[in-house]
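These notes concern the structure reproduced below.
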Amino acid sequence: MAEPGKGVSAGFIAKNVQKKINRAQEKVLQKLGKADETKDEQFEQCVQNFNRQLSEGTKLQKDLRTYLTAVKAMHEATKKLSELLEEIYEPDWVGREDIHSISEDGDLLWTDYHQKLVDQALLTLDTYLGQFPDIKTRIAKRGRKLVDYDSARHHYESLQGAKKKDDVKIAKPVSLLEKAAPQWCQGKLVAHIVAQSNLLRNQAEEEFLKAQKVFEEINIDLQEELPSLWNSRVGFYVNTFQSIAGLEETFHKEMSKLNQNLGDVMDQLEQQHMGKPLPVKGAPSTPVKLEKSASPTVEESPPNSPTTKNDNHVPAASPTPHAPPIPKSPSQAVEQENASSEVTEKGDGDKAASYISEEQPEPKKEVVENETEADITVSKDVLPAVVTETLPATTNGAVFDTVLSDEIEMPPGFQFKVRALHDYNATDTDELNLKAGDIIFVVAHENPEEQDEGWLMGIKEIDWIQQKDLKSARSVFPENFTERVQ
């Protein structure tokens with residue numbers, strides 16, 4: 001005796017197999033045109049919209065997950081960069097605590113941003129797509145029930161057509177069995193055939209009505225649900241992208257504040273270390289400045305210009321063509337003649353220094369000289385200056401300084417004089433070009449705390465005599481390229 005469970009299972013499997021066979025036969029007949037197929041164009045359009053909506057939602061879910069992966073990767077990269085900054089930031093540097101606080105706040109911002117994207121966008125999208133599998137299964141079931149409905153309908157209709165043939169058989173028996181049967185048995189055979197035909201028609205009608213009911217229940221539900229689901233996509237897309245945009249806007253605003261704070265800390269660090277030199281190997285070494293002076297560099301004059309210097313650094317006489325020479329006072333002439341004769345006496349021998357006097361224009365300078373109760377006024381841009389410069393020469397180990405140094409009015413903030421020992425080509429606009437033998441007046445720096453170690457602020461003696469403009473002609477120069485002479 002078979003077990004009840006196995007019997008039920010075998011019967012259920014046989015029933016399903018029979019259904020699949022009937023559906024396959026029905027589809028073949030429909031494709032061959034031997035059986036009509038029930039169609040619903042409106043429902044087919046709803047199914048197309050459903051498939052499109054599912055495809056768009058699935059792609060959005062995939063791209064949003066990719067975006068979240070990128071956010072997480074950016075978080076990790078930013079965190080490593082902040083950790084590196086904390087590692088290289090030395091304890092005595094200004095703003096060390098601020099750097100640590102900015103790093104922690106940035107880490108919290110990234111974490112919060114990622115979590116809110118998951119909660120307000122990804123989970124909502126997952127819930128939205130969670131309803132599609134069930135509806136997709138019901139659509140597929142409706143398709144199977146539609147085939148069952150068509151098959152039952154065709155079977156019932158075929159039996160209805162066979163009823164006429166049974167009526168003919170009842171009226172005129174033609175089978176050998178019926179002919180051979182006694183007269184009294186023929187009535188029973190006809191009654192049996194009629195009963196059997198009626199039973200088959202009744203079963204077919206019952207199956208047809210049952211298949212129709214199942215199909216219509218599923219079809220009605222889907223006809224109402226699919227259009228509603230299609231229309232809901234607009235509101236869902238609006239809410240999703242509004243959430244993403246709002247979260248991203250808030251995140252970037254907060255992150256921009258942290259970046260601004262980080263920039264302020266870097267500015268403070270720059271101010272803290274401004275003026276501290278960085279040693280550079282080489283001889284003679286040129287100190288490296290962290291900040292350049294604001295004073296512009298006085299460039300050397302081109303050849304044939306009024307301020308051209310010859311190879312021995314003695315300024316050549318080149319008075320301004322349109323400016324008449326200024327008359328000298330008697331006392332100035334006597335002093336200059338005495339100084340020249342004194343130098344000539346000291347300069348006997350091949351190492352004597354030569355002194356050359358020249359008249360150079362002093363632009364944009366108004367000078368008023370008083371001499372023996374007589375005022376001599378010279379207008380702007382026409383007043384040449386008397387310049388006297390000496391070459392470095394040694395006699396018995398002594399170095400001659402500039403002649404008539406006592407008569408030169410020293411620039412404001414003058415400290416001492418130096419002489420260039422080596423040529424130095426300026427590497428920036430706020431540096432002096434030096435030639436060996438140049439005399440430089442060292443003056444006080446505008447901001448002593450900003451002065452770089454190993455650098456001095458000064459103006460060339462010739463530039464001061466000619467221009468008297470300390471602000472535009474002063475620049476910095478390396479101290480180890482010079483020696484102090486006064």
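The values are calculated or read from the model by the stated rules, or taken from the named source; none is laboratory data. No experiment lies behind these values; they were computed from the predicted model shown. Just the protein is used for accessible areas: all its heavy atoms, side chains included, with ligands, DNA and RNA removed. Shrake-Rupley method; radii C 1.70, N 1.55, O 1.52, S 1.80 Å.
Taken one residue at a time, the phi angles of the range 132-149 give Karplus couplings (6.51, -1.76, 1.60, θ = phi - 60°) of 6, x, 5, 5, 4, 5, 5, 5, 5, 5, 4, x, 5, 5, 5, 5, 4, 5 Hz. Gly and Pro are set to x. Taking only the C-alpha atoms of the range 228-280, Rg followed by Dmax gives 23.3, 77 Å. For the residue pairs LYS62/LYS210; LYS31/LYS62; LYS31/LYS136, the C-alpha atoms sit more than 32 angstrom apart in LYS62/LYS210; LYS31/LYS62.
Per residue, the range 42-168 exposes 61 Å² of accessible surface when a 1.4 Å probe is rolled over the protein heavy atoms with every protein chain present. Residues whose amide H falls under 5 Å from that of ALA436, counting only those 5 or more places apart or on a different chain, are ASP423, with hydrogens built in the peptide plane. Scaled against the 2.2 N^0.38 Å expected of a compact globular protein of N residues, the Cα radius of gyration of the range 55-170 reads 2.46. Here the Karplus relation 6.51 cos²θ - 1.76 cosθ + 1.60, evaluated at θ = phi - 60°, turns the backbone of the range 74-79 into coupling constants of 5, 4, 5, 5, 5, 5 Hz, with x for every Gly and Pro.
Amide H to amide H distances under 5 Å link GLN486 with LYS417, where only residues 5 or more positions off or on other chains count and H is placed in the peptide plane.
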